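To keep things clear, I will list the structure first and then write my remarks on it.
The values are calculated or read from the model by the stated rules, or taken from the named source; none is laboratory data. The structure presented is a predicted model; accordingly, all values stated were derived computationally and were not measured. No Cβ is skipped: glycine too gets one built from the backbone with ideal geometry, and neighbour counts run over all protein chains shown.
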Amino acid sequence: MGDCILVLDGAATSRITMKVRLSGACYEVATAPSLDEALSALRRGTPQMILVGGAAGDMPVVVCCARLAAETMGTIPIIAITEPQDRVRALRAGASAAIDRPVDEPLLLARIRGLLRDAQGMAVPVGPADGAALQPMGMAEAAAAFIGPEGAKDADLRGASIVLVGQPGAGSLMWRRAVQARLNLAVQFCEPERALSDAAQGRAADLYLIAGGAGAAGLQLLSELRSRPASREASFLMLLPRDRADLTAVALDLGANDVLSDPPDPAHEEEVALRIAAQLRRKLAADRSRQAAARDRRLAWSDPLTELPNRRHFLARMAELGTAGIGAAVVALDIDRFKRVNDLHGHAAGDEVLRVVARRMQAVLPESALLARVGGEEFLAVLPRGGDRAGAEMADRLRAAVSGSPVPLPDCAGGGALSVTVSAGIAVDQGGMCASAAGIELLLARADGAMMQAKLSGRDRSVRHGAPVAA
């Protein structure tokens with residue numbers, strides 16, 4: 001049942017009509033006439049979205065939303081089709097959006113597209129290369145709690161930045177008061193040019209309230225902010241005049257996460273606060289998930305001791321060079337007599353030597369080169385477009401950086417300092433060896449063999465594969 005929209009509606013006619021509408025828009029649709037059947041369907045698979053179109057038996061829409069939100073832990077967007085007086089209750093219960101009856105089909109489809117887009121945004125790439133597969137970011141935030149007149153007092157939202165973009169006037173003051181009264185959050189006001197300038201300089205808000213005015217200027221600003229790297233991950237709420245509700249679907253398709261009526265109606269203040277708080281939670285949860293995913297990628301593709309790339313990362317870089325048809329020089333490096341460091345001074349000293357050696361070599365590496373720790377005291381460096389001479393020069397530069405001064409030992413290892421050297425072996429890609437995994441392994445084996453020759457011929461030297469070795 002994955003990758004579909006699950007429609008829950010107790011009325012067969014409504015259920016069938018909704019399925020026809022959504023199927024006509026090329027969505028796969030599954031239906032459930034009761035809450036129990038919807039819950040059973042969720043346990044069998046994970047739909048992209050749930051649409052609660054009407055009461056299921058004696059279960060009203062709000063109750064269905066609450067049970068479904070609890071079952072999915074907020075990870076699947078829920079659209080509730082309700083009577084106007086039930087919108088706030090549905091949102092409190094965990095609905096991502098509430099649409100009034102009778103259903104405006106273009107608006108419903110725009111809501112679906114927007115929520116699916118946002119759900120896709122809550123996925124992160126796995127691996128270091130562009131175009132990698134996507135995986136879900138993890139558990140979304142729980143449904144919003146009731147927001148009373150005393151303010152949100154929500155630790156999740158503390159420190160969140162909200163920017164109201166538009167022209168100064170009474171409407172701006174009304175939005176400031178509406179947000180602060182319910183959410184206890186400050187709203188910064190700025191004009192459109194300032195919002196774009198700040199985004200271009202890397203300063204973006206967590207949430208933008210964009211006053212649409214007559215429509216076109218606000219929609220253009222929305223598109224511009226969505227396209228800027230610093231602000232594209234923000235949440236956007238479009239504020240449209242009540243007589244321009246026809247632009248709601250357009251705003252959602254251009255990237256708005258929600259659309260509110262401007263100016264705010266004091267009678268709907270709680271609903272406004274619920275919708276703003278929900279968007280802030282979604283955005284902040286996405287930020288936390290992206291940070292966690294970035295940390296996981298670093299752990300998967302780097303060596304935790306030296307913070308250098310690991311062998312997996314190095315091999316991926318070699319494959320990229322092969323795909324691009326770029327030749328390279330590879331240098332295999334090994335710390336001389338490293339076992340003695342551990343045996344005589346302890347593993348704390350060995351770890352410090354590894355860290356210092358890594359830092360020193362990284363500091364003198366050409367900008368286009370990559371250095372990796374591939375195991376124990378072994379390192380690999382690759383220089384794209386490097387030939388015999390460039391590879392040899394890089395190897396000598398790396399060795400000199402290591403042996404230039406003694407490595408200070410930590411106090412827990414007795415202090416003092418050790419002279420450290422490395423031996424290096426150089427191999428150059430000939431005939432597109434990096435174009436295949438077997439070719440890469442052969443190239444690395446040649447560099448490793450040359451490094452072993454450097455060890456056997458006296459250590460602290462560089463040897464090129466295929467070159468005669470001095471006695």
Discussion item. Any residue at all in segment 351-370 that's part of a strand (DSSP E or B) and in contact (Cβ under 8 Å) with a residue 40 or more places away in the chain?
Written reply: yes
Discussion item. So, in segment 12-27, exactly how many residues are assigned to a loop (DSSP other than H, G, I, E, B) and either more than 23 Å from Arg44 (Cα to Cα) or touching a strand residue (DSSP E or B) at 6+ places or on another chain (Cβ under 7 Å) (or both)?
Written reply: 2
Discussion item. Given the condition under 18 Å from Phe379 (Cα atoms) and either not assigned by TED's automatic domain parsing to the domain that holds Asp343 or not in a strand (DSSP E or B) (or both), answer yes or no: does some residue in segment 415-426 qualify?
Written reply: yes
Worksheet entry | Cross-chain or 6+ apart pairs with Cβ under 9 Å, segment 382-398 first and under 21 Å from Glu320 (Cα atoms) and exposed (fewer than 15 other Cβ atoms within 10 Å of the Cβ), then at pLDDT below 95 and of a type in the set (S, T, N, Q) | Arg385/Ser368
Item to complete: Among the residues of segment 318-341, write down those that are surrounded by fewer than 18 Cβ atoms within 10 Å (Cβ to Cβ) and either closer than 14 Å to Ala435 by Cα or not assigned by TED's automatic domain parsing to the domain that holds Val428 (or both).
Response: Ala319, Glu320, Thr323, Ala324, Gly325, Ile326
Item to complete: Could you tell me which residue of segment 5-26 is nearest to Glu83 (Cα to Cα), considering only residues that are under 31 Å from the mean Cα position of the chain (by Cα) and buried (at least 19 other Cβ atoms within 10 Å of the Cβ)?
Response: Val7
Worksheet entry | Qualifying residue in segment 239-246 (condition: in contact (Cβ under 8 Å) with a residue 24 or more places away in the chain, buried (at least 16 other Cβ atoms within 10 Å of the Cβ) and within 26 Å of the chain's Cα centre (by Cα)) | no
Worksheet item: Restricted to segment 224-237, and to residues that are surrounded by 20 or more Cβ atoms within 10 Å (Cβ to Cβ) and closer than 19 Å to Arg281 by Cβ, which residue is farthest from the chain's Cα centre (by Cα)?
Response: Leu237
Worksheet, complete the sentence: In segment 221-245, anything in contact with a helix residue (DSSP H, G or I) (Cβ under 9 Å, 6 or more places away or on another chain) and part of a helix (DSSP H, G or I) is listed as Leu221, Leu222, Glu224, Leu225, Ala245
Worksheet entry | segment 164-196, residues that are free of Cβ contacts under 8 Å to residues at least 24 places away in the same chain and in contact with a Gly (Cβ under 6 Å, 6 or more places away or on another chain) | none
Worksheet item: In segment 37-80, which residue that is in a strand (DSSP E or B) and farther than 23 Å from Asn257 by Cα is modelled with the lowest pLDDT?
Response: Ala56
Worksheet item: Taking Arg385, is it basic (Lys, Arg), in contact with a strand residue (DSSP E or B) (Cβ under 6 Å, 6 or more places away or on another chain) and farther than 19 Å from Glu307 by Cα?
Response: no
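Quick check on segment 30-39. Is at least one of its residues in contact (Cβ under 8 Å) with a residue 40 or more places away in the chain and in the same structural domain as Leu116 (by TED's automatic domain parsing)? Step through it out loud before you land on a result.
Looking only at segment 30-39, we keep the residues that are in contact (Cβ under 8 Å) with a residue 40 or more places away in the chain, and these are none.
So far as segment 30-39 goes, no, none of its residues is in contact (Cβ under 8 Å) with a residue 40 or more places away in the chain and in the same structural domain as Leu116 (by TED's automatic domain parsing).
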